[in-house]
1. Among the listed residues GLN14, GLN30, identify the single one that is of a type outside the set (D, E, K, R), more than 27 Å from ILE157 (Cβ to Cβ), at pLDDT below 90 and not in a loop (DSSP other than H, G, I, E, B).
2. Condition (residue is closer than 27 Å to ASP191 by Cα, touching a residue at least 40 places away in the same chain (Cβ under 8 Å) and crowded, with 17+ Cβ neighbours inside 10 Å) applied to the stretch 83-101: is it met by at least one residue?
3. Hey, among GLY110, GLY43, GLY50, GLY91, which residue is part of a helix (DSSP H, G or I), within 14 Å of LEU132 (Cα to Cα) and at pLDDT 55 or above?
4. Pairs please, first residue from the stretch 71-82 and closer than 22 Å to ALA97 by Cα, second anywhere and surrounded by fewer than 15 Cβ atoms within 10 Å (Cβ to Cβ) and among the basic types (Lys, Arg), Cβ atoms under 6 Å, 6+ apart in sequence or on different chains.
5. For the stretch 45-63, give me each residue that is surrounded by fewer than 24 Cβ atoms within 10 Å (Cβ to Cβ) and among the hydrophobic types (A, V, I, L, M, F, W, C).
6. If you take the residues of the stretch 113-134 that are in contact with a Ser or Thr (Cβ under 7 Å, 6 or more places away or on another chain) and in a helix (DSSP H, G or I), which of them is farthest from LEU161 (Cα to Cα)?
Amino acid sequence: MSIIAMTPDSAGEQHAAGPGRGDSGEVSEQDAPRSLVLVGLMGAGKSSVGRRLAQAIGFDFVDADTEIEKAAGATIPEIFAEHGEAAFRDGERKVIARLLGQKRIVLATGGGAYMNPETRRRIAASGISIWLKADLDVLVRRCARRGHRPLLQNGDIRGTLARLMEERYPVYAEADITVISSDVPHEEVVDEILRHLPETYRALAEKAGHQS
């Protein structure tokens, strides 16, 4: 988890001018730093890390897949089975657009969400994107423990994940921040993210009592 990469217009350069510490060195309640949006393949740890990151900085955590299921009144596997992937992606796009209207959230997105150009534009306009990047062996181990994912129902978890990595990693690389997600405690990933966010977020973590 020691490898961190940032795009040329990095989160620190692109967003640090936003609300943050005042002259007193404290973060006030009216400060409204951008929401944080976690992207990456299934098994990268977006939900687990996202919950801890939100707690660390005092934001609300929102899982896009959960919100999609609430909106549809059906589980994601049921949506795929009954309506197909295209219908799911359209609903996903609309739900994420709505969620990005909220302030001060950590949003965990589904693996395919960031592939949509409109969604990428919306995330760039209102949040800081963070790619949790995991290698193939890590993803296979994690996904093998959870067999409900619609895209992994063909019986070839490794082959499917390898294909998705080839398709999606070049697009995920457009995210503001890239953090390697390996088999370490989630708290370590959170600390690594905080180290590469603008100072405003570290101040929020300090205010919330987060111990790195």
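1. Answer to the check: GLN14.
2. Yes, that holds for at least one residue.
3. Details: GLY110 fails: part of a helix (DSSP H, G or I); GLY43 fails: part of a helix (DSSP H, G or I); GLY91 fails: within 14 Å of LEU132 (Cα to Cα).
Sole residue among the options that is part of a helix (DSSP H, G or I), within 14 Å of LEU132 (Cα to Cα) and at pLDDT 55 or above: GLY50.
4. none
5. Those that are surrounded by fewer than 24 Cβ atoms within 10 Å (Cβ to Cβ) and among the hydrophobic types (A, V, I, L, M, F, W, C): ALA54, PHE59, PHE61, VAL62.
6. Among residues in the stretch 113-134 that are in contact with a Ser or Thr (Cβ under 7 Å, 6 or more places away or on another chain) and in a helix (DSSP H, G or I), the one farthest from LEU161 (Cα to Cα) is SER126.
The values are calculated or read from the model by the stated rules, or taken from the named source; none is laboratory data. Because the structure is predicted, anything quoted here is derived from the model rather than measured. All Cβ positions, even for glycine, are placed from backbone atoms using ideal geometry, and neighbour counts span all protein chains on display.
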